[in-house]
Amino acid sequence: IMKVGSVSTLDIVNQIKHDILPILRVAAPKGLKITELFDQSLFVRASIKGVLLEGISAACLTAMMILLFLGSWRSTLTIAVSIPLSILSSIIVLSSLRQTMNTMTLGGLALAIGILVDDATVTIENIHRHMGKDSVYNAVLIGASEIATPTFVSTLTICIVFVSVVFLTGPAKYLFTPMALAVVFAMLPSY
């Protein structure tokens, strides 16, 4: 559900269903029957719940594993914050591009969560490896710089695969472009 100003897409759907559809039925010529075929908002709501549940469980499980194996509250907090921030960044960019929250967009965000967990965990583990040898500041600089190139190449590879979807034509373009954009816009800030 995206908000534009003070109006969300759910508000628009409800307005059409409850306000505009009865007016159209009355104004339609005799013999023309207007019926609602299906309500896609049910699927979108279920997808939103699924993405939120997956995101929360991924962040919590990853944070617990980091806390258990590394024993660092700072690393745990970093993981728990970085994943939702990347997803939020993706939603903000998608909203500014006038993309709606639909099943495909939410599927892309769900797909991105798994990749974000991997990137954040690898980075934290490499930084933690340097923690006893240097100060925290130097450990972060050295640990992050060691994996900067491989992580950049990995992120770029994933983005290139999904950006190619933008060049599709026909119905496939309208189906898969929001998913691809959701993944790309979640991956870029996570790097």
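Solvent-accessible area per residue for the chain at a 1.4 Å probe radius, Å²?
Accessible surface, normalised per residue, equals 62 Å².
Would you work out the relative contact order for the chain, in percent, from Cα pairs under 8 angstrom that are 6 or more residues apart?
Once normalised by length, the contact order is 25 percent.
I'd like the chymotrypsin sites (Phe, Trp or Tyr not before Pro) in region 11-90 restricted to DSSP loop residues with at most 13 other Cβ atoms within 10 Å, sorted by number.
Passing both the DSSP loop test and the Cβ count: PHE38.
Scale the Cα Rg of the chain by the rule-of-thumb value 2.2 N^0.38 Å and send over the ratio, two decimals.
Compared with the compact-globule rule of thumb, the chain sits at 1.33.
Under 10 Å, Cα contacts only: if you run a Gaussian network model on the chain, which one of THR100, THR149, THR62 comes out with the highest mean-square fluctuation?
Evaluated over the chain, the most mobile residue of the options is THR149.
What residue among ALA110, ALA28, ALA172 has the largest mean-square fluctuation in a Gaussian network model of the chain, using Cα springs under 10 Å?
ALA28
Take PHE167 and LYS49, extend 7 Å from each Cα along the Cα→Cβ direction, and tell me the distance between the two endpoints in nm.
Modelled inter-label distance: 4.0 nm.
Residues of region 95-118 with backbone nitrogen within less than 17 Å of a virtual label 7 Å along the Cα-to-Cβ line of TYR174, please, listed as ranges.
Answer for this model: 98-105.
With a cut-off of 20 Å, note down the residues of region 168-185 whose backbone N falls inside the zone around a label point 7 Å from the Cα of ASP118 toward its beta carbon.
179-185
Contour minus end-to-end for VAL81 and SER145, with contour as 0.36 nm per residue of separation and end-to-end as the Cα-Cα distance?
Working it through step by step, the gained length comes to 21.0 nm.
Given 25 °C and 0.890 mPa s, how large is the Stokes-Einstein diffusion coefficient of region 20-128 in µm²/s, with Rh as the Kirkwood radius over Cα pairs?
Answer, rounded: 148 µm²/s.
I'd like to know which of SER82, ALA139, PHE69 lies farthest towards the positive end of the charge dipole of region 68-191, counting +1 on Cβ of Lys and Arg and -1 on Cβ of Asp and Glu.
Working it through, the farthest residue towards the positive pole turns out to be SER82.
The values are calculated or read from the model by the stated rules, or taken from the named source; none is laboratory data. Keep in mind it's a predicted model, so treat the numbers as computed, not measured. Every residue, glycine as well, gets a Cβ built from its backbone with ideal geometry; the counts of neighbours run over all protein chains shown. Each accessible area value is taken on the protein alone, full model and side chains, heavy atoms only, with ligands, DNA and RNA left out. Shrake-Rupley method; radii C 1.70, N 1.55, O 1.52, S 1.80 Å.
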